[in-house]
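The values are calculated or read from the model by the stated rules, or taken from the named source; none is laboratory data. Because the structure is predicted, anything quoted here is derived from the model rather than measured. Glycine gets a Cβ as well: all are built from the backbone with ideal geometry, and neighbour counts include every protein chain shown.
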C-alpha cells in the first residue's frame, strides 16, 4: 500500500463477547504506536457504541470518530439483515449522531438500485427482492414517485440527499462501474431539494 499507517481503521463487525474497554484499549495502543490515526466502528449496535464512547471519554481515549451503518430511504428486511450481522440506522441512532456529532458513513445508500430499478421498470434480481421487498418500501416508493413526477427530481437525487441532508456529518458510500456513473452521482449532489420535500423524506426512518 505504500504506507506504514492507516488513516481511519474500521472494526467492521462487533464481537459482543469482548468488553468494549478491551477493544478501545487495543485501538488506543495502535494509535499511540503510530499504526493508525483514528478508528471507527461498523455494524455495531447503538448500545455498544454508547458504552464504548463513554469508556473512551472516561479513559481519555480518542474513541470512535465514525460509525458505518446502512442509512437509506430503502429499508432492509430485518431478518435478512440480522443474519448478515449488519445494522441499519434507526431513529434512536440518528438522534444519537445528531446529539454527539459523531460522523456517519452510510453503506448501501442506493440499496442495489432497488427504487431506481422500480422507477425504470427494470428487472430486480431475487437477492435484491429478498433484502428489500416489503410493505414499508412500497409505501416509500409512492412518495418518491410523487416527488419525482411533481417536482422533477430523480430517485437518485432523493436517495443521496436523504443521507447528505442530515444535521451532522453523514457521507453516502457509493460504488461505480464507470466514470460516467460517478459524474452522474456528483451532478445529482449539486442540486438542492426543497426543505418541505426533504423534511417529508427525513420522516421516513
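Could you check region 167-185 and list, in sequence order, the residues that are in a helix (DSSP H, G or I) and surrounded by 11 or more Cβ atoms within 10 Å (Cβ to Cβ)?
Applying the first criterion (in a helix (DSSP H, G or I)) to region 167-185 yields 179-185.
Residues satisfying the conditions are 181, 182, 183, 184, 185.
Looking only at region 135-152, decide whether some residue is over 20 Å from residue 198 (Cβ atoms) and assigned to a loop (DSSP other than H, G, I, E, B). Lay out the reasoning, then the answer.
Of all residues in region 135-152, those over 20 Å from residue 198 (Cβ atoms) come to 135, 138.
Now narrow it down to the ones that are assigned to a loop (DSSP other than H, G, I, E, B): none.
No: region 135-152 contains no residue that is over 20 Å from residue 198 (Cβ atoms) and assigned to a loop (DSSP other than H, G, I, E, B).
Read through the list (1) under 19 Å from residue 93 (Cβ atoms); (2) in a helix (DSSP H, G or I); (3) modelled with pLDDT under 95; (4) within 15 Å of the chain's Cα centre (by Cα), then give the number of the only condition that residue 163 fails. Going through the list (1) under 19 Å from residue 93 (Cβ atoms); (2) in a helix (DSSP H, G or I); (3) modelled with pLDDT under 95; (4) within 15 Å of the chain's Cα centre (by Cα), residue 163 breaks only (3). Inspect region 110-131 for any residue being touching a residue at least 60 places away in the same chain (Cβ under 8 Å), exposed (fewer than 13 other Cβ atoms within 10 Å of the Cβ) and outside any loop (DSSP other than H, G, I, E, B) and give the result as yes or no. Within region 110-131, not a single residue is touching a residue at least 60 places away in the same chain (Cβ under 8 Å), exposed (fewer than 13 other Cβ atoms within 10 Å of the Cβ) and outside any loop (DSSP other than H, G, I, E, B).
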